[in-house]
């Protein structure tokens with residue numbers, strides 16, 4: 001699937017996010033230092049930020065076109081977003097978090113069905129727990145599962161491993177690889193850790209001060 | 001407790017509770033708009049909502065009397081079309097209490113809404129939730145302690161209201177008299193024992209309401 005980001009202009013605190021890029025790879029990293037505008041770019045794709053100008057097209061769907069004042073509401077964008085702080089709903093159980101955006105019937109055996117997603121991410125035993133009682137790695141998997149259960153057309157992952165120690169990172173990376181391989185949905189992966197890029201992505205867009213300065217293929 | 005005192009106490013508690021329930025939907029909407037949206041005239045609305053907190057209650061009561069009286073725009077309308085009075089009836093008491101406790105409800109609720117991480121609401125939207133669903137399933141449950149605390153604070157304010165009530169509803173024993181207007185009336189008439197008994201009831205009620213409100217707020221903070 002194609003993600004086309006054209007004529008993007010979004011003023012940030014110290015600089016403007018200015019992007020013109022077409023993404024075709026299944027798993028693409030947005031790599032750069034903190035404060036480079038990576039999260040703002042994901043927010044913009046998800047419709048959570050209002051750009052000065054932008055043309056965002058996912059597959060054959062135009063999500064944002066400021067020239068024609070087109071702006072698909074966030075809830076209709078079919079985007080799975082896992083933010084850096086995971087944003088699990090603290091007042092709900094794991095199961096309630098998972099079912100919040102679940103499009104499929106609970107008993108469906110489809111790719112994005114509850115059974116399949118919880119099985120792939122091995123969270124079956126966690127469903128009756130409160131999210132506040134989960135470990136860092138468990139929270140990570142629940143957030144990923146919740147995003148997948150909404151049957152997204154693209155997955156936006158904002159530094160999903162940033163808060164984990166090296167040991168936990170090495171445990172979660174195989175789950176992310178499994179998502180990439182099993183679900184076959186495009187993945188935009190924001191990180192400032194090159195090892196994660198190499199482990200999970202086919203391509204990296206290097207971002208500095210709101211601009212994509214380089215594009216690298218990962219062998 | 002005499003039958004009259006019991007009637008007075010239950011009327012005050014009932015009318016205070018009803019006024020709190022009536023302002024709840026408006027308070028929630030106003031607090032949410034102030035906490036989550038920027039719009040032209042926002043600071044003006046913020047100021048108007050807070051006015052009853054700083055204006056003399058008697059002045060607020062006078063404004064209400066002018067609006068709700070038989071010759072006022074609202075009171076006159078109801079008198080002409082529905083043949084009932086608002087001023088100097090229990091309805092006047094209800095409106096005076098509602099107006100005076102509204103700012104407290106809005107302030108507590110707004111603070112509670114502001115403490116809900118907006119990222120949670122944004123992510124709920126990415127999961128397909130409408131603004132209404134986000135409000136009922138994320139914002140309100142997470143702010144519920146602040147909202148309940150605000151309601152209790154508003155209820156406590158209503159229990160002790162005097163200035164606006166006496167202007168809009170006067171003192172009519174058995175009809176518009178509340179705990180505070182009755183204490184004033186009893187003390188003025190030299191019925192000290194009666195006044196002190198009522199004072200005791202009002203301290204107990206206010207203590208329970210404020211203590212419960214603080215307890216709810218504390219629970220929120222400790223979560």
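Among the conditions (1) assigned to a helix (DSSP H, G or I); (2) touching a strand residue (DSSP E or B) at 6+ places or on another chain (Cβ under 8 Å), the only one that residue A:137 does not satisfy is (2). The number of residues in region B:37-58 being more than 17 Å from the chain's Cα centre (by Cα) and farther than 29 Å from residue B:118 by Cα comes to 0. In region A:60-72, the residue that is nearest to the chain's Cα centre (by Cα) out of those that are surrounded by 14 or more Cβ atoms within 10 Å (Cβ to Cβ) and under 17 Å from residue A:21 (Cα atoms) is A:63.
The residues of region A:115-130 that are within 14 Å of another protein chain (Cβ to nearest Cβ) and either at positive phi or part of a helix (DSSP H, G or I) (or both) amount to a single one, A:117. Given the condition over 14 Å from the mean Cα position of the chain (by Cα), within 13 Å of chain B (Cβ to nearest Cβ) and in a helix (DSSP H, G or I), answer yes or no: does some residue in region A:155-167 qualify? The answer is no, given that none of the residues of region A:155-167 is over 14 Å from the mean Cα position of the chain (by Cα), within 13 Å of chain B (Cβ to nearest Cβ) and in a helix (DSSP H, G or I). Select from region A:93-109 the residues that are free of Cβ contacts under 8 Å to residues at least 40 places away in the same chain and in a loop (DSSP other than H, G, I, E, B) and list them in ascending order. Of everything in region A:93-109, those that are free of Cβ contacts under 8 Å to residues at least 40 places away in the same chain and in a loop (DSSP other than H, G, I, E, B) turn out to be A:105, A:106, A:107, A:108, A:109. Per this entry, residue B:215 is not counted among residues that are under 21 Å from the mean Cα position of the chain (by Cα), modelled with pLDDT of 85 or more and within 27 Å of residue A:91 (Cβ to Cβ). Under the condition of being assigned to a loop (DSSP other than H, G, I, E, B) and facing another protein chain (nearest Cβ under 7 Å), which residue from region A:78-92 is surrounded by the most Cβ atoms within 10 Å (Cβ to Cβ)? Out of the qualifying residues, it is A:83.
Residue count for region A:24-57 satisfying the condition of being in contact with a helix residue (DSSP H, G or I) (Cβ under 8 Å, 6 or more places away or on another chain) and either in a loop (DSSP other than H, G, I, E, B) or more than 13 Å from chain B (Cβ to nearest Cβ) (or both): 12.
The values are calculated or read from the model by the stated rules, or taken from the named source; none is laboratory data. Computed from a predicted structure; not experimentally measured. Reconstructed Cβ throughout: ideal geometry from the backbone, glycine too, with neighbour counts over all protein chains shown.
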